[in-house]
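Heads up, the thing below is written out as structure tokens.
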Amino acid sequence: MKKWVYMFSEGDATQRNLLGGKGANLAEMTKIGLPVPQGFTVSTEACNEYLKNSKLTDEMVDQIKEHLTKLQTIAEKKFGDEKDPLLVSVRSGARISMPGMMDTILNLGLNDQTVLGLAANTGNDRFAYDSYRRFIQMFGDVVQEINSQKFEAVLDEIKSRNNYKYDTELTTQDLKEVVKRYKDIILSETGNPFPQQPAEQLFMSVEAVFRSWDNPRAIVYRDLNDIPQDIGTAVNVQCMVFGNMGDDSGTGVAFTRDPATGEKDLFGEFLVNAQGEDVVAGIRTPQPIAQLKDIMPKVYDQFAKTAELLEQHYHDMQDMEFTIEKGKLFMLQTRNGKRTAAAAVRCAVEMVEEGLINKETAVTRVEPQTLDQLLHPTFNEESLKAATPITSGLPASPGAATGRVYFTADAAKNASENGEDVILVRQETSPEDIEGMYASKGIMTARGGMTSHAAVVARGMGTCCVAGCDEIKVEETSRIFHINGQTIKEGDYISLDGSTGNVYLGSIKTQSPELSGNFATLMKWADEFRTMDVRTNADTPRDAAKAVEFGAEGIGLCRTEHMFFDEDRIPSVRRMILSKTVEQREKYLAELLPMQKSDFIGIYKAMKELPVTVRLLDPPLHEFLPTDEEDILALAKDMNMSIEEMKADIDNLEEFNPMLGHRGCRLDVTYPEIGVMQTRAIMEAAIEVSEKYDYHIVPEIMIPLVGMVGEIEYVAGIVHNTAEKVKEEKHSNIEYKIGTMIEIPRATVVADQIAKTAEFFSFGTNDLTQMTFGFSRDDASKFIPTYKDKNILPGDPFASIDQEGVGQLVKNGVKLGRQTRPDMKCGVCGEHGGDPKSVKFFNSVGLSYVSCSPFRVPIARLAAAQAAIEQK
């Protein structure tokens, strides 16, 4: 016979997977001798079996009855006894804490007879009927799925009729009326009377708690917190203790440290003469835990010692629930406490200093993703509570921003130069918008996903961004957008929360992040454990400097195309693209050379001797061309062309599927002179900076979108010849490396051949994901949520690497590349480089480094350290 049920005395903290977190911790507290009301746990395995069959098996029913008999012996009370009844609570408890997501039933075992026994036995009629009305309401809500507002309405009506403010003012007679009317609601809603048999109540409640595993809020919570959907919950059946027996009783929740700041001091709240849900429900205002010292000094001292004991025992901050029954303390739960990122960092560092944990444990204690909270502005909590979202989109780049709405990059830039805080609102952004994006405090788009242009660029700049707000209708020409019947016009204030995706009307106060000394300490420890380097994706000296401040060890991706959109150079770029002859094109490229070179000089100066990988021009050329009639007319005039000829040339460069079109290395194959100019700019800048500052710089020149050996051989030849020519002109013996970006699935299959020419690989996992799945990353956000809901996809493959498909291509590419070139440096420079789950995978396949946007560098450093510790 399989064992489905365990007494608290049979388990311990190591059995979380079987008994759930709550059950395992109740067993552990029992084991170390703390005052725990006894009970038993129905396992997570039983939950999964129940969810499969929609009923408890005969074995489970028999074991629950058997353990109930044991509990009656321990408690010296009987279930259903009319004189001294055993009452129990039925609570959920998954192996991973999910506060408030599943259901609880208290005071189970009460009926029309046992309530009389409880009243007589305690000498407190009011307490007995208060417990009974609570039980009926919870049972009706959780087990029979009756809207709890129907019960609340009865309570509110009786309180209003008697001018009561609090539930505690209800008399015994009032409570008897409440009980009667609650039972009427159940009869009316279900067609059956409220069940009077305690055993029936128990089995119905166990099943209801198992069912609550699949309630909508629990599913969403697991989705948001990356908790598996199939692990199930345990059910804990525990003897009731009562905090609502008078002024020498109470209930509360407390933490061994402040969960907001991490300060080492008891933090929490309690209520006198109350049951547990009263503290959480907020019907009465709880008192700070410190005041318990004045009201019940002995109980407070015992609780403070118990809290210290639990923290020492678990080596972590504890979140505890307790009840005081007639002056006696009972511990109902302990678990590792949820905390803010600031508190997590402080707790981890201070616990090492206290000797409670070691550095390795400290590094694994902080969720890498939560560091975002420390690196970006956030909304003032009080101001945020008063605000209501008007819509929401994808949380594409974290942080908070408030400003006036502008609809074009030029308008955003001008408004910013006039001292305004700007929110740029676009249907979708394009590389042309770069200056407006830089000028904005926040960016909102109606289209696009987590790896859209807006999302990627915003993350790189550390700017708040909400993408894919498909409820809004943007009219860029009218300079307005509509949402749910409201019209927001240019100049109106909105506020964006890039961490949640919420959008608010009006201005909300923001606060700047503060990095503590503890943050630097934790990151230093992380660097001691990680084996993989962390670089950054940066296109400007400002971004590069910010990334180095956050601990970047080089640039893994410097995109040259963003530099072309500056006002002073876009005319030359456009003239170069529309040139009719090689000579004409070379003339305009010569105009761009000093500008491009100055970009690289700035970056090399910022990075000093740290490695810098520069990607040659990647996007299709039509992206640089004007779309506005006025700009087209000006360019035609400048190039001495008719407007018709100009429009024809622009139309000719337009592509049906530009992501698979004339871009990347294909541009250098078609127009070698572009590769020549860019290589010259890179080499001249590196030589000048290395000679001026005595730096040892080794330029890394990366050829994008290679899928065939012939492509890398041809373009590498252009780069090599130009680099050698510059070295000869400058009398320099500088070393340089030529590598490629692996972003086409074919390249991962022939990586051993590509590695004969390429000296390093950088996996561009954004495009590799797009081409492997055949998903457009700008449009996939429309259907990926449906795929997730229907369990076709476990998550967004653009946010976290698809380990089974795309990940295997990366693994294969690394393996083949190193067969040809054993010491080959392999990195990743897609957005996955800053995703903790992806970083862990990249560590496992042996990548040399990950590269991510500057503000994700600390996240990647911590994730890489945790991956190395786990792998070890």
Quiz item: Tell me, what does the Kirkwood hydrodynamic radius of the chain come to in angstroms if you use every pair of distinct C-alpha atoms?
Solution: 30.8
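Suppose only helical runs count, i.e. DSSP H with n ≥ 4. What mean residue ellipticity at 222 nm does that imply for the chain under -39500 (n - 2.57) per run, divided by all residues and rounded to the nearest 500 deg cm²/dmol? Don't skip to the end; give the middle numbers.
Working: 35 runs with 394 residues, N = 872.
Per the formula, -14000 deg cm²/dmol.
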Quiz item: Could you give the alpha-carbon Rg of segment 530-595 over 2.2 N^0.38 Å, rounded to two decimals?
Solution: 1.51
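If you count only protein heavy atoms with a 1.4 Å probe, what accessible area per residue comes out for the chain, rounded to a whole Å²?
Values: 36120 Å² over 872 residues.
Solvent-accessible surface per residue comes out at 41 Å².
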Quiz item: Using a probe of 1.4 angstrom, how much of the accessible area of the chain is carbon and sulfur, in percent?
Solution: 48
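Take the eigenvalues of the Cα gyration tensor for segment 757-872, scale each by 5, and report the square roots as semi-axes in whole Å, largest first.
Working: eigenvalues 118, 59, 34 Å².
Three semi-axes, in Å: 24, 17, 13.
Under the 0.36 nm per residue contour assumption, what length would be gained going from the current alpha-carbon distance of T581 and I32 to full extension?
On the way: separation 549, 0.36 × 549 = 197.64 nm, distance 8.47 nm.
That works out to 189.2 nm of additional length.
Could you rank the peptides 533-540, 617-624, 24-31, 787-794 by their average count of other C-beta atoms within 10 Å per residue, with the highest value first? Intermediate results must be reported in sequence, preceding the final value.
Values: 533-540: 26.8, 617-624: 20.5, 24-31: 24.0, 787-794: 12.5.
The densest-packed peptide leads the list: 533-540, 24-31, 617-624, 787-794.
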Practice problem: Amide H neighbours of T391 under 5 Å, at least 5 residues apart or on other chains, H built in the peptide plane: list them. | Solution: V503
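Please work out how much length the chain gains when fully extended from Q427 to K730, using 0.36 nm per residue of separation minus the C-alpha to C-alpha distance, in nm with one decimal. All intermediate terms of the calculation are to be shown ahead of the outcome.
Numbers: separation 303, 0.36 × 303 = 109.08 nm, distance 4.79 nm.
Separation in residues times 0.36 nm, less the Cα-Cα distance, equals 104.3 nm.
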Quiz prompt | Farthest positive-ward along segment 1-153 dipole, Cα basis, beta-carbon charges - from I64, T14, L110 | solution = T14
Quiz item: log₁₀ I(q)/I(0) of segment 665-788 at q = 0.10 Å⁻¹, via Debye over equal Cα point scatterers, no solvent, to two decimals?
Solution: -0.40
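Can you order the peptides 643-650, 200-207 by their average number of other Cβ atoms within 10 Å per residue, highest first? Write out the running numbers ahead of the final one.
Values: 643-650: 14.9, 200-207: 19.2.
Descending mean neighbour count gives 200-207, 643-650.
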Quiz item: Got a sec? Charge dipole of the chain, +1 on Cβ for Lys and Arg, -1 for Asp and Glu; which of L155, A758, H731 is way out at the positive end?
Solution: L155
Quiz item: segment 500-538 to segment 565-630: how many Å between their Cα centroids?
Solution: 32
Quiz prompt | Reachable lysines from K597, criterion Cα separation under 17 angstrom, eight or more residues apart if same chain | solution = K587, K605, K608, K692, K725, K727, K730
Practice problem: Can you grab the distance from the C-alpha centre of segment 379-396 to the C-alpha centre of segment 807-858, Å, no decimals? | Solution: 35
Quiz item: FRET efficiency for K165 and A387, Cβ-Cβ distance as r, R0 = 22 Å, nearest 0.05?
Solution: 0.20
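Tell me which GluC sites (Glu not before Pro) from segment 326-381 have a DSSP coil assignment and no more than 16 other beta carbons within 10 Å of their own.
On the way: sites: E350, E353, E354, E360, E381; in loops: E354.
Qualifying residues, ordered by number: E354.
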Quiz item: Spin-label point model (7 Å from Cα, Cβ direction): what's the T670 to R542 distance in nm?
Solution: 3.3
Quiz item: Distance from the Cα centre of segment 1-59 to that of segment 408-430, in angstrom?
Solution: 57
Practice problem: Give, rounded to the nearest 20 debye, the magnitude of the charge dipole that segment 591-645 has about its Cα centre when Lys and Arg contribute +1 at Cβ and Asp and Glu contribute -1 at Cβ. | Solution: 660
Exercise. Please give the peptides 160-169, 830-839, 364-373, 183-192 ranked by average Cβ packing (other Cβ atoms within 10 Å per residue), highest first, as a rough proxy for protection.
Key: 830-839, 364-373, 183-192, 160-169
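The values are calculated or read from the model by the stated rules, or taken from the named source; none is laboratory data. Predicted model only: the values in this text are computed from it and were never measured. Here Cβ is always computed from backbone atoms with ideal geometry, including for glycine, and neighbour counts include all displayed protein chains. With ligands, DNA and RNA removed, areas are computed over all heavy atoms of the protein, side chains included. Shrake-Rupley method; radii C 1.70, N 1.55, O 1.52, S 1.80 Å.
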